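To keep things clear, I will list the structure first and then write my remarks on it.
The values are calculated or read from the model by the stated rules, or taken from the named source; none is laboratory data. A quick note: this is a predicted structure, and the numbers were derived from the prediction, not measured. Cβ placement follows ideal geometry from the backbone for every residue including glycine, while neighbour counts extend to all protein chains displayed. Accessible surface areas use protein heavy atoms only, side chains included; no ligands, DNA or RNA. Shrake-Rupley method; radii C 1.70, N 1.55, O 1.52, S 1.80 Å.
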Amino acid sequence: MLQATLHLHPDFHVARVDDRIFGGFVEHLGRCIYEGLYDPENTQSDANGFRSDVQKALRGLELSIVRYPGGNFASGYHWQDGVGPRADRPTRKELAWRSLEPNTFGTDEFIAYCKSMNWQPMICANLGTGTPEEAMNWVEYCNSPPGSIYADLRADHGHREPHKVQVWCLGNEMDGPWQMGHVPVLEYASRARQAAKMMKACDPQIETVVCGSSSPQMPTFPDWDLTVLKELGDLADYISLHRYVGNSGEDAEYLAVGKSIDEQIESIDACTKVAAARARSPRRTHLCFDEWNVWYRNRGQEHTDGRDRIAPPLLEEHYTFIDALVVASFLMSFIRHADSVKIANLAQLVNVIAPVVTNHATVFKQTIFDPFEMVSTRKGGIALQGIVDCTSYVSQLYGEVSYLDYASILDGEVLKLFALNRHLTQSMEVHLDCHGFQIQRVDSAELLYHNVLDDCNSFDEPNKVRSCATNDWSLKRGITFELPPHSFLAATCKIA
Ligand code: AHR
């Protein structure tokens, strides 16, 4: 059995863990909005057309903030198509996913959905085919009190009180040639700067997210990021990071991917520091990891081309148990980088690369649902910097990687602990060596373990891969617990 020790001290703070790292993302893409969130014809839906069974499932994730309406979709979207009486809203050809967009769900429906779920809304403005002025008008529609044209329009639509949308993305993946309205970096920076100025002039309370490189594999990485940070200066409250990962068939390599998520965060955080140094500014732009997940199977044309249909099934990734472990690694990396990562959005929430899947009659939770729930329900507190003492292995892609992946959060007299055993065949005995505090008891703990890495949940077998409560530990100068091979544990402990 492998032996690992995690040394923790309550004074070794990273930073408070922002609740918004437990965010989500919904896009007008495939069956995410239509047939996912919104399905007025369905008997499961409420008076708003929102599917109650989907809402019930999503509540388990305890999401804090949700990004909308895209994604690539955002770069062709004109928000005025999606407000006002439904009969007057146009059906348009949607070019990002080559589908038909009926516009029966738009800004006001999204806000109503967020309210019903207690989510903070986050909107991605169109800086592809849209203008800075259109983005500013959207801010006015959402946030201004009645008395000017777009705020009055909102009131005419039955929403006198402003929607108070605080976080606004200045476009989506604008470094990508696939993006509608993609332009070279200086042109994007100029467009984003104008938009940010006008949007903030309309509502000085808003926070902006400037587009960073759409992945570390892009040739734009990290020069694009450095340039936009330099050009936008104080107008960029956050810079976006995106990351989709996949399994090449080498499971040990796949489980090592968390190391490269750390590196991606640290590289872009370094860019923010360089930009601040250049500007002689004490101010820091934080990171908004506003798209992340496993996505590698459903990427071909048959999965991304909607062929002019409304709500075609696109990007319907079917997640395995090992994918769930990788999702846990993303979340632990965000916690370890609590000083820089302030927002993160699981992409996406329903049907499209999602933890929840619907058919006409019911829903099931994919394997990736449980790790998100295990961590998100333990939000709140300060991330601790631990020291790991454990053997490692050499990954071809990522170099030396410890078999133990971990994160911990201190919340008053409660310690929340997360641990992943990356070893594919050996169990691991993990000893938590507590300096300056003692563990009194374990209040709850769940283990995510399954013997077959490729197993999935489905409508027929919805509970094939599930986390289980566990009480397999001993308390003795700290705590010792055993992690089976390829497993993930989350625990909540009372400390003194
Ligand atoms: O989430 C699916 C797509 O992935 C988004 O629309 C885009 O931003 C990213 O490339």
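A few comments on the model shown:
- Loop sites in the stretch 361-467: GluC sites (Glu not before Pro), DSSP, at most 16 other Cβ within 10 Å: E413
- Gain on full stretching of the segment that runs from A112 to L95 - 0.36 nm per residue minus C-alpha separation: 3.5 nm
- Of the solvent-accessible surface of the stretch 215-254, computed with a 1.4 Å probe and all protein chains present, 48% belongs to carbon and sulfur.
- Using a probe of 1.4 angstrom and keeping all protein chains present, the accessible surface of the chain works out to 37 square angstrom per residue.
- Peptides 28-34, 231-237 ranked from most to least packed by the mean count of surrounding Cβ atoms within 10 Å: 28-34, 231-237.
- The relative contact order of the stretch 312-443 comes to 21 percent, based on Cα pairs under 8 Å that sit 6 or more residues apart.
- Euclidean distance of C-alpha centroids, the stretch 356-413 and the stretch 225-289, integer Å: 19
- Pairs spanning more than 20 Å between alpha-carbon atoms, out of K197/K230; K259/K365; K93/K115; K56/K416; K115/K365; K342/K379: K259/K365; K93/K115; K56/K416; K115/K365.
- Largest to smallest in accessible area, the residues D389, D305 fall in the order D389, D305 (1.4 Å probe, all protein chains included).
- Sorted on the mean count of surrounding Cβ atoms within 10 Å across their residues, most packed first, peptides 221-230, 248-257 read 221-230, 248-257.
- Within the accessible area of the stretch 259-402 (1.4 Å probe), percent carbon and sulfur: 51
- Stretch gain in nm, segment L397-A361, where the contour uses 0.36 nm per residue and the Cα spacing is subtracted: 8.7 nm
- At most 16 other Cβ within 10 Å, DSSP loop - trypsin sites (Lys or Arg not before Pro), the stretch 137-220: R160, K164
- Equivalent ellipsoid, the stretch 59-126 (semi-axes from 5 times Cα gyration tensor eigenvalues, Å): 22, 15, 10
- Sorting 268-279, 347-358 by average packing, meaning the other beta carbons within 10 Å per residue, from highest down gives 347-358, 268-279.
- Kyte-Doolittle at least -1.0, axis length at least 24 Å by Cα - qualifying DSSP helices, the chain: 185-202, 257-278
- Taking a straight Cα-Cα cut-off under 13 Å and skipping sequence neighbours fewer than 8 places away in the same chain, the aspartates and glutamates within cross-link reach of K464 are D370, D454, D455.
- Residue-count net charge about R466 - beta-carbon cut-off 13 Å; Lys, Arg +1, Asp, Glu -1: -3
- Cα centroid of the stretch 1-40 to Cα centroid of the stretch 81-130, whole Å: 24
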